[in-house]
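Note sheet for the following structure.
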Amino acid sequence: MSDFLFGMRLRGPGIDTAGILAKAVQKASDHSYSENETEVIRLFDEYRNRLLRYTLGFGLSIHDAEEIVQEVFLSLFRHLQLGRPRDNLRGWLFRVAHNLALKLREARHARLDSEELSDVVADRQVDLSPGPEQLLVSAQRQKCLLAVVHALPERDQCCLQLRAEGLRYREIADVLDMSLGAVSNSLSRSIARLTQADREVT
Amino acid sequence: MRSEEFHLSDQDLLLALDGELPDSHIERVTEHLAACWDCRSRRSQLENTIEKFVKERHAVLDPQLPAETGRRALLKAHLSELASASPSNFWAKSVRGLAQRKSVAAGLAAALALSVAASIMLYRSHRQIVSYDDALALMEPSRKLTPGAVREINLRDICDAPQNEDAARVVPASLQQEVFREYGIEGAHPRDYEVDFLITPELGGSNDIHNLWPEPYRSTVWNAHVKDELEDLLRAKVCNGELELATAQRDISYDWISAYKKYFHTDKPL
């Protein structure tokens, strides 16, 4: 079916998976990198962790978050290849990740609502390393501030998470389609709420 | 902003901390802060809250982040695939080549430019579709449109047949277009999708629209190549007697990504 794996096909159950990855990496290294590819990899190195943390804030599994980040950088490459604007690429990355995360979360919820659990799905749930929601439950016991953040309206949470990943107010406003004043209000409201919660505990 | 005989608001203090004060306010706020211990103390409370939040956030989230090497290698591989397939390179080169040849009639150039613009627009609109909704939606087929369908087959037929027997796998172009239509991606480029069998014919899947869906080759990590690996593994297990055929069919049709994770004991494609 695919040339890529054809060599592996006849070997039976012992699939040479290390070989598959090595082949892909080899193929990539044979290829001379264009400016756009180099730029995408540079941005991947710089923003991958920040985008993963931001995406995890939507209650998705780390696996889903990784899928999204991968897709974000493939979209970025297409964006650059098409000669679209390069100013504010950082804001662009977070905006695409934000939209993909919302869509995937919606799809996951729709799916969980409409379908009964089969043993395959049950396996998947056992397989998962603790998801952000479970971590938040434990956070509620140990980590007071994150629990407070989790209780904020989603838009306020997004503002705060984006700010925590180093975005300026202008960029946050662009990602979330808000005014500059609304971003400032949201952030100061959240920090005030956190300060108050912190005072109540200590 | 309040006047100087009052104090600065929390919002002003945060704006000052974040370097986001409008130019017109900077001087007044700086002067007030220099004079006012109350406001400086509130400012450090805010800073303290931010510091605690940032620390907790890293403590909870960072241990979840996997090493980046595998994903980085995959991204590089995908990029070189995309780069070598990208039509925009081709068009850009042709247009440059044409511009250098002065003998080409202006009319011809204009006509060509128009058609280039049209192709680029088509390409853009198509790419947009692939990159957002559908890339995510199509990692796994819709269970309504593609529940999976099997034909009567016995184990000997499955295990004795030469693998990758092309005749069983051919999906007529008209049926492919029907699948694209059903999934709302009419006009998708066949090179971007494999119209794939949910239950592979090698495991008894049938050539029925209920068993077919457009699987993206490039846009996701869980792509057609990865599913091929799972199919090979399941067939081998069925033929070695390690797995019931019906179980293999059910697992791959219910949720092939979960099945891959289960049978390869991994969270991501190997």
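If we scan segment B:17-26, do we find a residue that is modelled with pLDDT under 80, over 28 Å from A:Glu46 (Cβ atoms), in contact with a helix residue (DSSP H, G or I) (Cβ under 8 Å, 6 or more places away or on another chain) and not hydrophobic (A, V, I, L, M, F, W, C)?
no
Of (1) facing chain A (nearest Cβ under 9 Å); (2) touching a helix residue (DSSP H, G or I) at 6+ places or on another chain (Cβ under 7 Å); (3) farther than 26 Å from B:Arg71 by Cβ; (4) modelled with pLDDT of 85 or more, B:Ala259 satisfies all except one. Which?
So B:Ala259 meets the others, but not (3).
Looking only at segment A:173-202, count how many residues are farther than 19 Å from B:Thr49 by Cα and in contact (Cβ under 8 Å) with a residue 24 or more places away in the chain.
Of the residues in segment A:173-202, 3 are farther than 19 Å from B:Thr49 by Cα and in contact (Cβ under 8 Å) with a residue 24 or more places away in the chain.
In this structure, does B:Glu31 turn out to be of a type in the set (Asp, Glu), surrounded by fewer than 13 Cβ atoms within 10 Å (Cβ to Cβ) and more than 7 Å from every other protein chain (Cβ to nearest Cβ)?
yes
Counting just the residues of segment A:132-175 that are facing chain B (nearest Cβ under 9 Å) and assigned to a loop (DSSP other than H, G, I, E, B), which one comes out modelled with the lowest pLDDT?
It comes out as A:Lys143.
Quick one: in segment B:11-28, which of the residues that are within 9 Å of chain A (Cβ to nearest Cβ) and not in a helix (DSSP H, G or I) is surrounded by the fewest Cβ atoms within 10 Å (Cβ to Cβ)?
B:Gly19
With the condition kept exactly as written, say whether any residue in segment A:33-40 is modelled with pLDDT of 95 or more, of a type in the set (Ser, Thr, Tyr) and part of a helix (DSSP H, G or I).
Among the residues of segment A:33-40, not one is modelled with pLDDT of 95 or more, of a type in the set (Ser, Thr, Tyr) and part of a helix (DSSP H, G or I), which makes the answer no.
What do you reckon, is B:Arg143 of a type in the set (Lys, Arg), modelled with pLDDT of 70 or more and under 30 Å from A:Arg105 (Cβ atoms)?
yes
Report every pair of residues separated by at least 6 positions or lying on different chains whose Cβ atoms are under 6 Å apart, first residue within segment B:247-270 and on the phi < 0 side of the Ramachandran plot and without any contact (Cβ under 8 Å) to a residue 40 or more places away in the chain, second among the small types (Gly, Ala, Ser) and assigned to a helix (DSSP H, G or I).
Pairs that qualify, where the first residue is on the phi < 0 side of the Ramachandran plot and without any contact (Cβ under 8 Å) to a residue 40 or more places away in the chain and the partner is among the small types (Gly, Ala, Ser) and assigned to a helix (DSSP H, G or I), are B:Asp251/B:Ala259.
Which residues, counting only those in segment B:34-73, are loosely packed, with under 11 Cβ neighbours inside 10 Å and among the β-branched types (Val, Ile, Thr)?
Matches in segment B:34-73: B:Thr69 only.
Kindly list the number of the only condition in (1) surrounded by 19 or more Cβ atoms within 10 Å (Cβ to Cβ); (2) assigned to a helix (DSSP H, G or I); (3) touching a residue at least 12 places away in the same chain (Cβ under 8 Å) that fails for A:Phe58.
Unmet condition: (2).
The values are calculated or read from the model by the stated rules, or taken from the named source; none is laboratory data. The structure presented is a predicted model; accordingly, all values stated were derived computationally and were not measured. Cβ: placed from backbone, ideal geometry, glycine included. Neighbour counts: every protein chain shown.
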